[in-house]
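Peer 1: One structure coming up, written as structure tokens, with questions to follow.
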Amino acid sequence: MAPAEMSSPVEYDQGAGKDAATVPARSYWRWHKDDFLPEPSFASWGAYRRALGETPARLRDRLAGRSTDAAELGALRRRSEHEMRRCLTWWDLTWFGFGSVIGAGIFVLTGQEAHDHAGPAIVLSYVASGLSAMLSVFCYTEFAVEIPVAGGSFAYLRVELGDAAAFIAAANLILESVIGKAAVARSWTSYLASLINKPASALRIHAPGLAEGYDELDPIAMVVIAVTATLAMLTAKGTSRVNWVASAVHVVVIAFVIVAGFIHANPANLRPFMPHGVPGVFRAAAIVYFAYGGFDNIATMAEETKNPSRDIPLGLLGSMSVITAIYCIMALVLSMMQPYTAIDRSAAYSVAFASVGMHWAQYVVALGALKGMTTVLLVGVLGKARYTTHIARSHIIPPVFALVHPRTGTPVHATALIAVCSACVALFSSLGVLSSLLSASTLFIFMMMATALLVRRYYVRGVTTRTHALRFTALLLLIIASSIGIAAYWGTSLERWQGYVVLVPAWAAGTLGIQLLVPAARAPKVWGVPLVPWLPSLSIATNLFLMGSLGKDAFIRFGACTAVMLVYYVLVGLHATYDVAHGACGGEDDDGDAAADEEKKVVAAADVEKADAAGGAL
């Protein structure tokens, strides 16, 4: 995604300028048509037909439009009518990191992928996906410190890549939210069955008339989603306290698994170490990346964090570093306890302990897994509801979902939306169907985030010259194209190496070219990713490489979902955001000056920074 031309319009606040004292108080519970579609384009069928007729012009406008840091922090937040409460510290965020990440991935996908693709080399799969995840963590941390709002990657992409790119992220984020919760909830049912000595599917209802992968109905998963969503609606701080307790118990169980597992380990089970070769390792890495996906929930809580510039780096980087080490050790333990062919695909650790005579230990493991997956659901619905809130603030989805409840200080409508959709998907879809689609969506978003970080550092409207902008665009496209080429060559020419002689140097040349030929236009105010542009460029390459390691079914499902999303955007989202961007929803543009002032500050600061940064990346 290239940066906008210098003449591209900057999107300012619209519709938030009225004095709150002059607006009569309204009930939080509202169901009028104007609460869902308040934009003039949807006022009547005639207005909608006129809007559809202007689709090409509106699409060009939205492709060029950009938000600003000031607009995201000011105007959009006010559209929720009430503020979220700033009640979280680095301690909360660290435990949210543990709670949101360690769950179905390590306890379920480890067994599935060790058995099917990687064998004992599953530990290398976790190393590869962990390194890629840490690169994305760096990008998220810088953005979350600079733009501490609930929108996470949606807000960051809206500022740097524009509305259209932000919509693609928004659609995939909502898809990721729904599928992620559904996958974990179904895993919860499998481990509950293990806890009571039943087969993994014993608590599901078999429906022979449905297609394979969708024929085991899971009402328990629906109930679990409903309970965790209800708690998340009531209080963010209370949810944090519940997460502390559950995560602490979970850490004790993990320590037990590691110690007891190594006591009963047999190094002979590590042979053959790589039964399906290197391709199997990376195929598994692309799937187990799902296990790292929850960290982006921490970025969405920046709006409720007391001191984002200090607490977010501590919470995000600290928790993810420890989690990566835990994942690798636990994968090694499982591989040493059983031959990979004997590993159970659904409840791997419980069955592994039973196989070495520790039948009682399977209950400890199953209970710990249930606690872990419960916190993943709890923190996940908390974080993804905040994504949805900010997406609704932009009117891409109905703005009623942006409202924050005046008493609880939480986005009740957005939480309910995610919970209801997740529960419906969890009722029908198997974990195998869900995890591959989720990994494709997650990897795509993380690739876009790394791209946005490079744009943020090297392109600022009014600072970057046209020559440098064109040069940066060409080099960035070279990085993306060579990364796609590496992934495609890996998937189609496993026994050949000649293509890498061209593709890898092309990626390195694009990255080095940005460092040497494009002066940095902006420096992070507080905390920044080190070794820019190399680490973001490497993040682009690794995420695309892991995407290329997924099977074709994942891309078919991903492509079909993306096509549906784009149809929605052309028919609804495009016209809603166009109306808001051009002040057609009423109200005054009272944040236009603030946004312009912010741009001027950036320009002034960049002039000073360029003298120090012109030689390379910051």
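The values are calculated or read from the model by the stated rules, or taken from the named source; none is laboratory data. Here the structure is a predicted model, which means the values were calculated and not measured. When we count neighbours, we look across all protein chains shown, and the Cβ atoms used for this are built from the backbone with ideal geometry, even at glycine. These accessible areas exclude ligands, DNA and RNA; they are computed on the full protein's heavy atoms, side chains included. Shrake-Rupley method; radii C 1.70, N 1.55, O 1.52, S 1.80 Å.
Peer 1: Here are 119, 65, 97, 111: which of them is of a type outside the set (Val, Ile, Thr), on the phi > 0 side of the Ramachandran plot and buried (at least 19 other Cβ atoms within 10 Å of the Cβ)?
Peer 2: So the residue among 119, 65, 97, 111 that is of a type outside the set (Val, Ile, Thr), on the phi > 0 side of the Ramachandran plot and buried (at least 19 other Cβ atoms within 10 Å of the Cβ) is 119.
Peer 1: Quick one: what pairs do we get from segment 18-33, first residue assigned to a loop (DSSP other than H, G, I, E, B), second at pLDDT 80 or above, C-beta under 6 Å, 6+ apart or different chains?
Peer 2: Cβ pairs passing all conditions: 28/405.
Peer 1: What number of residues within segment 285-330 are over 24 Å from residue 111 (Cα atoms) and in a helix (DSSP H, G or I)?
Peer 2: 20
Peer 1: Another question about this same structure. State whether one or more residues within segment 431-450 are among the β-branched types (Val, Ile, Thr), at pLDDT 90 or above and open to solvent by less than 20 Å² (accessible area, probe 1.4 Å).
Peer 2: Of segment 431-450, the ones among the β-branched types (Val, Ile, Thr) are 433, 442, 445.
Keeping just the survivors that are at pLDDT 90 or above gives none.
No, because not a single residue in segment 431-450 is among the β-branched types (Val, Ile, Thr), at pLDDT 90 or above and open to solvent by less than 20 Å² (accessible area, probe 1.4 Å).
Peer 1: May I ask you to say which residue of 505, 519 is of a type outside the set (Lys, Arg), out of contact with any Cys (no Cβ under 8 Å at 6 or more places or on another chain) and part of a helix (DSSP H, G or I)? Give the steps one after another, and end with the answer.
Peer 2: Numbers: 519 fails: part of a helix (DSSP H, G or I).
Every option except 505 fails the conditions.
Peer 1: Being open to solvent by 30 Å² or more (accessible area, probe 1.4 Å), at pLDDT below 90 and over 11 Å from residue 132 (Cα atoms) is the filter here, so list the residues in segment 525-547 that pass it.
Peer 2: Scanning segment 525-547 gives 525, 526, 527.
Peer 1: Still on this structure, I have one more. Please verify whether segment 365-373 includes one or more residues that are of a type in the set (A, V, I, L, M), farther than 24 Å from residue 246 by Cα and buried (at least 20 other Cβ atoms within 10 Å of the Cβ).
Peer 2: Scanning segment 365-373 turns up no residue that is of a type in the set (A, V, I, L, M), farther than 24 Å from residue 246 by Cα and buried (at least 20 other Cβ atoms within 10 Å of the Cβ).
Peer 1: Okay, moving on. Could you grab me the full set of residues in segment 258-284 that are charged (D, E, K, R) and either in a loop (DSSP other than H, G, I, E, B) or without any contact (Cβ under 8 Å) to a residue 12 or more places away in the chain (or both)?
Peer 2: Matches in segment 258-284: 271 only.
Peer 1: Show the residue pairs meeting these rules: Cβ distance below 7 Å; 6+ apart or different chains; first residue within segment 512-527 and farther than 20 Å from residue 137 by Cβ; second residue open to solvent by less than 60 Å² (accessible area, probe 1.4 Å) and hydroxyl-bearing (Ser, Thr, Tyr).
Peer 2: 514/458; 518/458; 520/458; 521/458; 521/459; 521/464
Peer 1: Would you check which residues across segment 171-208 are surrounded by 23 or more Cβ atoms within 10 Å (Cβ to Cβ) and assigned to a loop (DSSP other than H, G, I, E, B) and list them?
Peer 2: 200
Peer 1: Separate question: Just to verify a result, which residue in segment 69-116, among those that are among the polar types (S, T, N, Q) and not in a helix (DSSP H, G or I), is nearest to residue 350 (Cα to Cα)?
Peer 2: Looking at the filtered set, the residue picked out is 89.
Peer 1: Name the pairs: first residue in segment 237-249 and farther than 12 Å from residue 93 by Cβ, second residue in a helix (DSSP H, G or I) and charged (D, E, K, R), Cβ to Cβ under 6 Å, at least 6 apart or on different chains?
Peer 2: As it stands, the answer is 246/371; 249/371, since those pairs meet every condition given.
Peer 1: Quick check on my filter: what residues within segment 317-350 are hydrophobic (A, V, I, L, M, F, W, C), at pLDDT below 90 and touching a Leu at 6+ places or on another chain (Cβ under 7 Å)?
Peer 2: 348
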